[in-house]
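All remarks here apply to the structure that follows.
The values are calculated or read from the model by the stated rules, or taken from the named source; none is laboratory data. For clarity, every value in this text was computed on a predicted model and none was experimentally measured. When we count neighbours, we look across all protein chains shown, and the Cβ atoms used for this are built from the backbone with ideal geometry, even at glycine. Remember, those area values only see protein heavy atoms, side chains included, never the ligands or the DNA or RNA. Shrake-Rupley method; radii C 1.70, N 1.55, O 1.52, S 1.80 Å.
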Amino acid sequence: MSDDKDEAQDEVKLPQKTAPLPSKVAPDIQITEKNNWLIHMLFIRKEFSTCKKIIKSQLEETHNTCEYALYVQGMMLRSEAMIQESLESFQAAAMLNPNNIENLKQVGRSLYLLGRHKAALDIYTEASRINPDDPELLHNQGVCLVYLKEYKKAKTFFYKSIHIQQSEHAYIQLSKLHILQDDKDGAISVLLKSVEHFPENTKLLTALGLLYLNAGEIQKAFEYLGNAMTYDSENIDAIIGLASIMQDHGDYDVALTKYRVAASISPESNTLWNNIGKLLFLNLHWRDKIYRYHCHCDYVSFYTEHNCQKMI
(Lines give C-alpha, C1' and ligand atoms only; values in the text may rest on other atoms or scores of the structure.)
Protein backbone atom coordinates (compact mmCIF):
# COMPACT_ATOMS: atom_id res chain seq x y z
CA MET A 1 0.00 0.00 0.00
CA SER A 2 2.92 2.35 0.69
CA ASP A 3 4.17 1.91 -2.93
CA ASP A 4 0.72 2.72 -4.31
CA LYS A 5 0.51 5.82 -2.08
CA ASP A 6 3.94 7.03 -3.28
CA GLU A 7 2.88 6.65 -6.91
CA ALA A 8 -0.32 8.60 -6.25
CA GLN A 9 1.65 11.42 -4.64
CA ASP A 10 3.88 11.60 -7.69
CA GLU A 11 0.91 12.04 -10.02
CA VAL A 12 -1.32 14.34 -7.95
CA LYS A 13 -0.18 17.19 -5.74
CA LEU A 14 -2.09 16.96 -2.48
CA PRO A 15 -3.28 20.10 -0.75
CA GLN A 16 -1.16 21.23 2.15
CA LYS A 17 -3.97 21.00 4.71
CA THR A 18 -5.96 17.78 4.73
CA ALA A 19 -8.27 16.06 7.22
CA PRO A 20 -6.48 13.41 9.30
CA LEU A 21 -6.93 9.88 8.02
CA PRO A 22 -8.90 7.53 10.29
CA SER A 23 -6.74 5.44 12.54
CA LYS A 24 -6.56 1.75 11.79
CA VAL A 25 -6.51 0.99 15.53
CA ALA A 26 -9.95 0.93 17.16
CA PRO A 27 -10.37 3.19 20.16
CA ASP A 28 -9.98 1.59 23.58
CA ILE A 29 -13.65 1.16 24.37
CA GLN A 30 -14.56 -0.70 27.55
CA ILE A 31 -16.44 -3.89 26.66
CA THR A 32 -18.74 -4.84 29.52
CA GLU A 33 -19.04 -8.51 28.66
CA LYS A 34 -15.49 -9.11 27.43
CA ASN A 35 -14.60 -11.74 30.06
CA ASN A 36 -17.89 -13.66 29.98
CA TRP A 37 -16.32 -16.59 28.14
CA LEU A 38 -13.62 -16.90 30.79
CA ILE A 39 -16.09 -16.59 33.67
CA HIS A 40 -18.28 -19.26 32.11
CA MET A 41 -15.37 -21.63 31.54
CA LEU A 42 -14.09 -21.29 35.11
CA PHE A 43 -17.59 -21.68 36.54
CA ILE A 44 -18.42 -24.91 34.71
CA ARG A 45 -15.00 -26.27 35.70
CA LYS A 46 -15.83 -25.35 39.31
CA GLU A 47 -12.64 -23.32 39.60
CA PHE A 48 -14.46 -20.93 41.90
CA SER A 49 -11.44 -19.24 43.45
CA THR A 50 -10.09 -18.03 40.13
CA CYS A 51 -13.59 -17.31 38.85
CA LYS A 52 -14.28 -15.02 41.82
CA LYS A 53 -11.13 -13.03 41.10
CA ILE A 54 -12.10 -12.52 37.46
CA ILE A 55 -15.63 -11.52 38.44
CA LYS A 56 -14.36 -9.05 41.03
CA SER A 57 -12.06 -7.46 38.47
CA GLN A 58 -14.81 -7.36 35.86
CA LEU A 59 -17.34 -5.76 38.19
CA GLU A 60 -14.85 -3.15 39.38
CA GLU A 61 -13.95 -2.32 35.80
CA THR A 62 -17.59 -2.05 34.69
CA HIS A 63 -18.91 -0.43 37.89
CA ASN A 64 -21.16 -3.45 38.59
CA THR A 65 -22.84 -3.36 35.18
CA CYS A 66 -21.76 -6.79 33.91
CA GLU A 67 -24.95 -8.85 34.01
CA TYR A 68 -23.37 -12.25 33.45
CA ALA A 69 -20.69 -11.71 36.11
CA LEU A 70 -23.41 -10.86 38.64
CA TYR A 71 -25.41 -13.93 37.59
CA VAL A 72 -22.49 -16.35 38.00
CA GLN A 73 -21.51 -14.69 41.26
CA GLY A 74 -25.00 -15.36 42.56
CA MET A 75 -24.80 -19.01 41.52
CA MET A 76 -21.50 -19.48 43.33
CA LEU A 77 -22.70 -17.72 46.47
CA ARG A 78 -25.78 -19.90 46.62
CA SER A 79 -23.70 -23.06 46.17
CA GLU A 80 -21.80 -21.93 49.27
CA ALA A 81 -25.07 -21.52 51.22
CA MET A 82 -24.80 -17.70 51.15
CA ILE A 83 -28.42 -17.35 50.09
CA GLN A 84 -29.02 -13.72 51.04
CA GLU A 85 -25.86 -12.60 49.25
CA SER A 86 -26.84 -14.62 46.18
CA LEU A 87 -30.25 -12.94 46.21
CA GLU A 88 -28.64 -9.50 46.14
CA SER A 89 -26.41 -10.51 43.23
CA PHE A 90 -29.32 -11.89 41.21
CA GLN A 91 -31.40 -8.80 41.96
CA ALA A 92 -28.58 -6.59 40.65
CA ALA A 93 -28.47 -8.68 37.46
CA ALA A 94 -32.25 -8.45 37.09
CA MET A 95 -32.14 -4.67 37.46
CA LEU A 96 -29.66 -4.49 34.57
CA ASN A 97 -31.87 -6.66 32.37
CA PRO A 98 -35.43 -7.02 33.71
CA ASN A 99 -36.52 -8.97 30.63
CA ASN A 100 -34.03 -11.78 31.19
CA ILE A 101 -36.22 -14.56 32.53
CA GLU A 102 -33.26 -16.50 33.90
CA ASN A 103 -32.36 -13.65 36.26
CA LEU A 104 -35.91 -13.61 37.61
CA LYS A 105 -35.94 -17.38 38.05
CA GLN A 106 -32.82 -17.20 40.20
CA VAL A 107 -34.20 -14.31 42.26
CA GLY A 108 -37.28 -16.44 42.90
CA ARG A 109 -35.17 -19.47 43.75
CA SER A 110 -33.14 -17.59 46.36
CA LEU A 111 -36.30 -16.14 47.90
CA TYR A 112 -37.77 -19.64 48.04
CA LEU A 113 -34.68 -21.00 49.81
CA LEU A 114 -34.95 -18.16 52.32
CA GLY A 115 -38.49 -19.29 53.11
CA ARG A 116 -40.05 -16.18 51.54
CA HIS A 117 -42.55 -18.16 49.51
CA LYS A 118 -44.99 -15.32 48.84
CA ALA A 119 -42.21 -13.06 47.55
CA ALA A 120 -40.86 -15.92 45.42
CA LEU A 121 -44.33 -16.50 43.98
CA ASP A 122 -44.61 -12.82 43.05
CA ILE A 123 -41.30 -12.98 41.17
CA TYR A 124 -42.29 -16.16 39.33
CA THR A 125 -45.61 -14.55 38.42
CA GLU A 126 -43.78 -11.52 37.05
CA ALA A 127 -41.47 -13.77 35.04
CA SER A 128 -44.43 -15.70 33.63
CA ARG A 129 -45.64 -12.50 31.96
CA ILE A 130 -42.52 -12.70 29.80
CA ASN A 131 -43.06 -16.39 28.99
CA PRO A 132 -46.41 -17.76 30.22
CA ASP A 133 -45.67 -21.24 28.84
CA ASP A 134 -42.40 -21.86 30.68
CA PRO A 135 -42.92 -25.23 32.45
CA GLU A 136 -40.26 -24.50 35.06
CA LEU A 137 -41.99 -21.29 36.10
CA LEU A 138 -45.36 -23.04 36.29
CA HIS A 139 -43.84 -25.79 38.43
CA ASN A 140 -42.14 -23.31 40.75
CA GLN A 141 -45.35 -21.34 41.20
CA GLY A 142 -47.07 -24.58 42.16
CA VAL A 143 -44.41 -25.38 44.76
CA CYS A 144 -44.74 -21.94 46.35
CA LEU A 145 -48.53 -22.29 46.45
CA VAL A 146 -48.18 -25.63 48.27
CA TYR A 147 -46.16 -23.89 51.00
CA LEU A 148 -48.83 -21.19 51.14
CA LYS A 149 -51.41 -24.00 51.50
CA GLU A 150 -53.27 -22.97 48.37
CA TYR A 151 -53.52 -26.57 47.22
CA LYS A 152 -56.18 -26.15 44.55
CA LYS A 153 -54.21 -23.46 42.73
CA ALA A 154 -50.99 -25.42 43.14
CA LYS A 155 -52.54 -28.47 41.50
CA THR A 156 -53.60 -26.35 38.53
CA PHE A 157 -50.05 -25.08 38.00
CA PHE A 158 -48.55 -28.58 38.24
CA TYR A 159 -50.98 -29.92 35.64
CA LYS A 160 -50.25 -26.97 33.34
CA SER A 161 -46.53 -27.67 33.68
CA ILE A 162 -47.00 -31.35 32.82
CA HIS A 163 -49.24 -30.49 29.87
CA ILE A 164 -46.45 -28.37 28.36
CA GLN A 165 -43.55 -30.69 29.27
CA GLN A 166 -43.52 -34.04 31.04
CA SER A 167 -41.48 -33.75 34.23
CA GLU A 168 -40.74 -36.25 36.99
CA HIS A 169 -40.52 -33.39 39.50
CA ALA A 170 -44.04 -32.17 38.71
CA TYR A 171 -45.41 -35.71 39.11
CA ILE A 172 -43.64 -36.11 42.45
CA GLN A 173 -45.03 -32.79 43.68
CA LEU A 174 -48.53 -33.71 42.51
CA SER A 175 -48.39 -37.03 44.35
CA LYS A 176 -47.21 -35.29 47.52
CA LEU A 177 -50.03 -32.79 47.15
CA HIS A 178 -52.60 -35.60 46.97
CA ILE A 179 -51.07 -37.18 50.09
CA LEU A 180 -51.31 -33.85 51.92
CA GLN A 181 -55.00 -33.87 51.08
CA ASP A 182 -55.28 -37.47 52.37
CA ASP A 183 -55.97 -38.74 48.86
CA LYS A 184 -53.73 -41.81 48.48
CA ASP A 185 -55.71 -43.11 45.52
CA GLY A 186 -55.14 -39.82 43.71
CA ALA A 187 -51.41 -39.99 44.49
CA ILE A 188 -51.21 -43.54 43.14
CA SER A 189 -53.09 -42.53 39.99
CA VAL A 190 -50.65 -39.67 39.37
CA LEU A 191 -47.61 -41.90 39.84
CA LEU A 192 -49.06 -44.63 37.61
CA LYS A 193 -49.38 -42.01 34.89
CA SER A 194 -45.83 -40.84 35.55
CA VAL A 195 -44.22 -44.26 35.11
CA GLU A 196 -45.87 -44.51 31.70
CA HIS A 197 -43.71 -41.58 30.63
CA PHE A 198 -40.67 -42.41 32.78
CA PRO A 199 -40.64 -46.22 33.10
CA GLU A 200 -37.02 -46.32 34.31
CA ASN A 201 -37.21 -43.48 36.81
CA THR A 202 -36.27 -44.98 40.16
CA LYS A 203 -37.71 -42.11 42.23
CA LEU A 204 -41.15 -42.55 40.69
CA LEU A 205 -41.04 -46.35 40.89
CA THR A 206 -39.96 -46.23 44.54
CA ALA A 207 -42.58 -43.65 45.48
CA LEU A 208 -45.29 -45.74 43.83
CA GLY A 209 -44.06 -48.92 45.52
CA LEU A 210 -44.05 -47.30 48.95
CA LEU A 211 -47.56 -45.95 48.42
CA TYR A 212 -48.79 -49.42 47.55
CA LEU A 213 -46.96 -50.76 50.62
CA ASN A 214 -48.69 -48.29 52.92
CA ALA A 215 -52.00 -49.09 51.22
CA GLY A 216 -51.49 -52.79 52.01
CA GLU A 217 -51.18 -53.90 48.37
CA ILE A 218 -48.06 -55.96 48.96
CA GLN A 219 -47.80 -57.67 45.58
CA LYS A 220 -47.87 -54.38 43.67
CA ALA A 221 -45.48 -52.82 46.16
CA PHE A 222 -43.05 -55.69 45.67
CA GLU A 223 -43.31 -55.33 41.88
CA TYR A 224 -42.54 -51.60 41.74
CA LEU A 225 -39.86 -51.65 44.42
CA GLY A 226 -38.24 -54.57 42.63
CA ASN A 227 -38.29 -52.62 39.36
CA ALA A 228 -36.64 -49.68 41.10
CA MET A 229 -33.91 -52.00 42.39
CA THR A 230 -33.38 -53.29 38.85
CA TYR A 231 -32.35 -49.83 37.68
CA ASP A 232 -30.60 -48.78 40.89
CA SER A 233 -29.32 -51.56 43.15
CA GLU A 234 -28.36 -49.03 45.83
CA ASN A 235 -31.75 -47.37 46.10
CA ILE A 236 -31.96 -47.11 49.90
CA ASP A 237 -35.73 -46.54 50.09
CA ALA A 238 -36.47 -49.47 47.79
CA ILE A 239 -34.14 -51.76 49.78
CA ILE A 240 -35.79 -50.84 53.09
CA GLY A 241 -39.25 -51.23 51.55
CA LEU A 242 -38.47 -54.71 50.22
CA ALA A 243 -36.85 -55.70 53.52
CA SER A 244 -39.94 -54.63 55.43
CA ILE A 245 -42.08 -56.86 53.17
CA MET A 246 -39.80 -59.80 53.99
CA GLN A 247 -40.02 -58.88 57.65
CA ASP A 248 -43.83 -58.86 57.58
CA HIS A 249 -43.76 -62.37 56.10
CA GLY A 250 -41.43 -63.67 58.81
CA ASP A 251 -38.36 -63.91 56.58
CA TYR A 252 -36.17 -62.31 59.22
CA ASP A 253 -32.85 -63.58 57.87
CA VAL A 254 -33.54 -62.22 54.38
CA ALA A 255 -34.82 -58.95 55.80
CA LEU A 256 -31.75 -58.50 57.99
CA THR A 257 -29.47 -59.22 55.02
CA LYS A 258 -31.15 -56.42 53.07
CA TYR A 259 -30.92 -54.09 56.06
CA ARG A 260 -27.19 -54.79 56.21
CA VAL A 261 -26.88 -53.76 52.57
CA ALA A 262 -28.88 -50.62 53.31
CA ALA A 263 -26.66 -49.84 56.33
CA SER A 264 -23.55 -49.99 54.16
CA ILE A 265 -25.12 -47.43 51.80
CA SER A 266 -26.78 -45.09 54.28
CA PRO A 267 -25.62 -45.85 57.84
CA GLU A 268 -27.40 -42.81 59.32
CA SER A 269 -30.88 -43.63 58.02
CA ASN A 270 -33.33 -43.29 60.90
CA THR A 271 -35.97 -45.44 59.20
CA LEU A 272 -33.41 -48.21 58.68
CA TRP A 273 -32.38 -48.45 62.34
CA ASN A 274 -35.97 -48.13 63.50
CA ASN A 275 -36.90 -51.13 61.35
CA ILE A 276 -33.86 -53.14 62.47
CA GLY A 277 -34.79 -52.56 66.09
CA LYS A 278 -38.34 -53.77 65.48
CA LEU A 279 -37.09 -56.80 63.56
CA LEU A 280 -34.77 -57.81 66.39
CA PHE A 281 -37.52 -57.32 68.95
CA LEU A 282 -39.90 -59.55 66.98
CA ASN A 283 -37.32 -62.33 66.76
CA LEU A 284 -36.78 -63.85 70.22
CA HIS A 285 -33.49 -65.38 69.12
CA TRP A 286 -32.06 -61.93 68.46
CA ARG A 287 -33.42 -59.99 71.43
CA ASP A 288 -30.02 -59.98 73.07
CA LYS A 289 -28.79 -57.91 70.11
CA ILE A 290 -31.38 -55.19 70.49
CA TYR A 291 -29.32 -53.09 72.87
CA ARG A 292 -26.38 -52.94 70.46
CA TYR A 293 -28.52 -51.77 67.56
CA HIS A 294 -30.46 -49.23 69.56
CA CYS A 295 -27.23 -47.75 70.90
CA HIS A 296 -26.31 -47.04 67.30
CA CYS A 297 -29.41 -44.85 67.06
CA ASP A 298 -27.97 -42.53 69.70
CA TYR A 299 -25.56 -40.85 67.26
CA VAL A 300 -28.16 -40.19 64.59
CA SER A 301 -30.98 -37.72 65.05
CA PHE A 302 -34.08 -39.42 66.39
CA TYR A 303 -37.40 -39.06 64.62
CA THR A 304 -40.72 -39.91 66.22
CA GLU A 305 -42.56 -42.76 64.58
CA HIS A 306 -45.09 -40.58 62.77
CA ASN A 307 -42.24 -38.66 61.08
CA CYS A 308 -40.48 -41.86 59.98
CA GLN A 309 -41.71 -43.50 56.82
CA LYS A 310 -43.91 -46.33 57.96
CA MET A 311 -42.49 -49.54 56.63
CA ILE A 312 -43.87 -52.21 58.91
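Quick one: net charge of Tyr112's neighbours, Cβ under 12 Å, K/R +1, D/E -1?
Around Tyr112, the charge tally is +4.
Using packing as a proxy for protection, rank 244-254, 186-196 so that the peptide with the highest average count of other Cβ atoms within 10 Å comes first.
The densest-packed peptide leads the list: 186-196, 244-254.
Mind listing the phi-derived Karplus ³J(HN,Hα) values for segment 204-210, rounded to whole Hz, using 6.51, -1.76 and 1.60 with θ = phi - 60°, and x for any glycine or proline?
Those phi angles translate into 5, 4, 5, 4, 5, x, 5 Hz.
What accessible area per residue, rounded to a whole number of Å², is obtained for segment 33-130 using a probe radius of 1.4 Å?
Details: 5200 Å² over 98 residues.
Per-residue accessible area for segment 33-130 comes out at 53 Å².
For His169 and Val261, what is the calculated FRET efficiency with R₀ set at 25 Å and r taken between the beta-carbons, to the nearest 0.05? Please report the intermediate quantities before stating the final value.
Working: r = 28 Å, r/R0 = 1.12.
Result of the calculation: an efficiency of 0.35.
Under 10 Å from the Cβ of Gly142, count the other residues' Cβ atoms, weight Lys and Arg +1, Asp and Glu -1, and hand me the total.
Local net charge: +2.
Can you bin segment 24-104 into rounded, prolate or oblate? Criterion: square roots of the alpha carbon gyration tensor eigenvalues sorted a ≥ b ≥ c, rounded for a/c under 1.5, prolate for a/b above b/c, oblate for the rest.
Since a/c reaches 1.5 but b/c is at least a/b, the shape of segment 24-104 is classed as oblate.
Of the heavy-atom accessible surface of segment 32-169 (probe 1.4 angstrom), what whole percent is carbon and sulfur?
Carbon with sulfur: 53 percent of the solvent-accessible area.
Among the listed pairs Lys176/Lys203; Lys153/Lys203; Lys118/Lys149; Lys184/Lys278; Lys149/Lys184; Lys152/Lys184, give every one whose C-alpha distance is greater than 20 Å. Mind showing how you got there, number by number?
Details: Lys176/Lys203 13 Å; Lys153/Lys203 25 Å; Lys118/Lys149 11 Å; Lys184/Lys278 26 Å; Lys149/Lys184 18 Å; Lys152/Lys184 16 Å.
Lys153/Lys203; Lys184/Lys278, as the Cα separations exceed 20 Å there.
Got a sec to turn the phi values of segment 161-178 into Karplus ³J(HN,Hα) couplings, 6.51 cos²θ - 1.76 cosθ + 1.60 with θ = phi - 60°, whole Hz, x for Gly and Pro?
4, 5, 4, 7, 8, 5, 9, 4, 5, 5, 5, 4, 5, 5, 5, 5, 5, 5
Between beta-carbons, use under 12 Å as the cut-off and find the net charge around Ser49, counting Lys and Arg +1, Asp and Glu -1.
In short, +3.
How large is ³J(HN,Hα) for each residue in segment 91-101, as worked out from phi by the Karplus curve 6.51 cos²θ - 1.76 cosθ + 1.60 (θ = phi - 60°), to whole Hz, x for Gly and Pro?
After applying 6.51 cos²θ - 1.76 cosθ + 1.60, I find 5, 5, 5, 5, 5, 5, 9, x, 8, 7, 5 Hz.
Accessible area of Arg260, 1.4 Å probe, to the nearest 10 Å²?
Counting only protein heavy atoms, Arg260 exposes about 140 Å² to solvent.
For Cα pairs less than 8 Å apart in space and 6+ apart in sequence, what is the mean separation divided by the residue count of segment 176-230, i.e. the relative contact order in percent?
Values: 50 pairs, mean separation 15.4, N = 55.
Worked out over segment 176-230, it gives 28 percent.
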